[in-house]
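J.: Mind having a look at this structure? Questions to follow.
The values are calculated or read from the model by the stated rules, or taken from the named source; none is laboratory data. Keep in mind it's a predicted model, so treat the numbers as computed, not measured. All Cβ positions, even for glycine, are placed from backbone atoms using ideal geometry, and neighbour counts span all protein chains on display. Surface accessibility is based on the protein's heavy atoms, side chains included, excluding ligands, DNA and RNA. Shrake-Rupley method; radii C 1.70, N 1.55, O 1.52, S 1.80 Å.
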Amino acid sequence: MTHASLRPMPLIFALLVAIYGLSYSGTFTADDEHLFISGAQSLARTGRLEANQVYGNSRFQGVFRDVEPGQALVGSLLVRQADKYELGRTQTPFLMNMFATALTACFVYLAVMALGYRNAVAVLAGILYGTATMAWPYAKTYFRDPLAALMLAGASWGCELGLAQSRSRTVRLIGWGAMAGFLVGGMLAKSTVAVAIPILPAVALLRSWRGRVDWRTLRAPLAVALIFVAGALIVSRLIPSRGAFGRFSWDYFAFLLDFFLHAPRQAFFEALLGPILSPGKSIFLYSPILILAVVSTAIAWRKRWRESLAAWLILAALILAQALFYDDDWWGHTNWGLRYLLPALPLLTVACAPALDATLSPRSTALHVTTWGLIGLSVLAQVGGVAANARVYVAAIDRLGPDAVRQLAIWQPRYSAILGHWQMLANGAKPEIAWVRAWHGNAPAVALVNAMWLIVAAVSVWGLRRPSIGLSAFSLVMALALPYPMLKAYYLLDPAHYGQRPAFRAAAEFMDREAAQGDVVLVQAYGQPLWHFYLNYNAGLVEWYSLPLHFPTREELDRATASGDTTATLAPSAVTLLRRLPIQYRRAWLINALDAVPGGLRLEEKWLAAHYSLLGEWIIADHEGQVRVSLFSLPEPPQVLNKAQVANASLSARIRLSCVTGLGRYAVAPAAMPSSTSSGNDLAETMIMGMCSSLGSRRT
């Protein structure tokens, strides 16, 4: 591979980023993305992997666990840029999968070139991956799978580089090292990439055994594999089972093995066949272009079957792992197709190379027509997945019956999401694309950004026909620079993040101005408009939590009115959070949208006022409703002294620490009973501690 053959890579990258920029949405599909955004924001601002922003979600309750940290780590870099340049803190991380998918297409190009195909075949394969497979709809999401696909594509390219007999030993060693590094990165993005760890080296050995590469060249990869496995075993023994890296611990691996062997399964064979054959989830219906991978394997079986073997084994392994772990939940709920199969798509696209090569030759007209027909169907399928709102489609199917999403949408062709999304668009549904939402009121800026994206795409296509350094550099720079004005154009006026609410904005600006270190902000409630706004526009100067969206019964409200105690009207997790606030914070701000239910009931505000000291209230109104901001002072937490501190502290200091006056209550450190040999000071201290304890027990 020459330097000239690398010139199409920036053009492929820029072309796909331009397409993704035009189809950018910056909105959520599922609450998994809420968790990932929260982790990225917390890591960027506090250096800790937390998820306080989704505390109100009963699945997470503010804990970032059972999830790999790679997504949050990469996303935190984008959050820092958003904080620095005042961009949307939700909108900006959504750029990540745009870039990750475009880079994956570049690795597809490199892998096809490494297999010895001509430049046109490699370019077509890279572009098709980014536009004719499920990769395109997922480029607009914040799921982990596009990043995992990038890492697995990089590992596959590293394997091809290591197998390249024409390369020097140093280059091949770099290839094997890259394969190991990308596999580690893939596991940090999503642990299912681990299925490729035995497959890629085994296929490399098989390809070498049949004479493609001399066995002596495998000394380096075998050494890398041995070091990799030994290191993984050692690290897994050291990693605790809880925390951000818990999925890489020995305990978790032991749990998986036991679960796979002994868990009862009700839909195992359905989970194995559904991803291939079901009308509503088949990978070959959501990405028809991959049918060419089947054709390619057949037409090149004798000479090149080993080159596509890894792709099919990884696809089978991902399906098997999903079936073993999720059983009857294999279908993935609110998704476009099956996103857990996304890491297999780059290798399957590479496996299409023989058919694409034959298509670009003038010999077979029938194959030419068939291939371009599949390409057209594939692109149309992805346009439907990009433009229509998956949540709206699932909600519509769910209204057909209690199990409609689980049965009708999977096994009845007429309820397939592929048709359903296009039916929604044909019936007038507004496309789920940011520039469409932001057009009203900001048309000139949006039109200018779109025109620039079209110019980048046109220059990239022209450059692919006549590659040059100048065109490659221009396209690459523009692709990397345009997201900034794009986000600025959408920042304030995208209704998906409620930026048009002046009251929300005034409340957030008030928080940024008035909140101080040691404060905490509580947002009522998770998943509601105010929460979406705060997640995107808050500058992150102080920590904040979302409160659960909880609807009390009429009986609970009546009892609370009679007794004055609103504890029973709140979600238990909300009460737990409110009670533990004094342990970590000194003041609490509550932001409540009164035009929302149950925010208008002000239940959390009443609980805080009953237990802590109210310092101030502010009402901010706009044309849609009111936002109420309340500030509470929190008591100081109890201070517990260890034996060494008790022995060395002076009497006055110990008394001062033992009887801490808070707002409405006392906190008392434990005191030892005097012995018969206690000194006068010890006895006096014990008596004063007892007095403090007595006062604390009587104080309400």
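J.: Out of the DSSP beta bridges found with both residues in the chain, what percent are antiparallel (nearest 5)?
T.: Bridges in the chain that DSSP calls antiparallel: roughly 65 percent.
J.: With all protein chains present and a 1.4 Å probe, how do 542, 477 order by accessible area, largest first?
T.: These residues rank, largest area first, as 477, 542.
J.: What is the sum of charges around residue 569, taking Lys and Arg as +1, Asp and Glu as -1, for the other residues whose C-beta is under 13 Å from the C-beta of residue 569?
T.: Within the 13 Å Cβ shell, the charges total -2.
J.: Tell me the Kirkwood radius of the chain: reciprocal of the mean inverse pair distance over distinct alpha-carbon atoms, in Å.
T.: After inverting the mean inverse Cα-Cα distance, the result is 28.3 Å.
J.: Could you state the accessible area per residue of the chain in Å², with a 1.4 Å probe and every protein chain left in place?
T.: 44
J.: Quick one: Cα convex hull volume of the range 125-186, Å³ per residue?
T.: In the range 125-186, the Cα hull volume divided by residue count equals 76 Å³.
J.: List, largest first, the extents of the alpha carbons of the range 527-582 along their principal axes, each in whole Å.
T.: Result, largest extent first: 40, 27, 15 Å.
J.: Just the accessible area for residue 107, please: 1.4 Å probe, Å², rounded to the nearest 10?
T.: 40
J.: Restricting to DSSP loop positions (anything but H, G, I, E, B) with no more than 14 other Cβ atoms inside 10 Å of their own Cβ, which GluC sites (Glu not before Pro) remain in the range 24-109?
T.: When the GluC sites (Glu not before Pro) of the range 24-109 are filtered for loop state and at most 14 Cβ neighbours within 10 Å, 86 remain.
J.: Of all the accessible heavy-atom surface of the chain, with the other protein chains kept in place and a 1.4 Å probe, what percent is carbon and sulfur?
T.: The value for the chain is 63 percent carbon and sulfur by accessible area.
J.: Could you work out [θ]222 nm for the chain from helices alone, using -39500 (n - 2.57) per DSSP H run of at least four and dividing by all its residues? Round to the nearest 500 deg cm²/dmol.
T.: -19000 deg cm²/dmol
J.: Quick one: what are the phi-derived ³J(HN,Hα) couplings along the range 77-91, Karplus 6.51/-1.76/1.60 with θ = phi - 60°, whole Hz, x for glycine and proline?
T.: 5, 6, 5, 4, 5, 5, 5, 5, 9, 6, 10, x, 6, 8, 4
J.: Is the range 347-424 rounded, prolate or oblate when judged by the Cα gyration tensor, a ≥ b ≥ c being the square roots of its eigenvalues, rounded requiring a/c under 1.5 and prolate requiring a/b larger than b/c?
T.: prolate
J.: In the structure displayed, which of 190/430; 84/190; 140/430; 140/488; 84/140; 190/281 lie more than 27 Å apart, Cα to Cα?
T.: Those over the limit are 190/430; 84/190.
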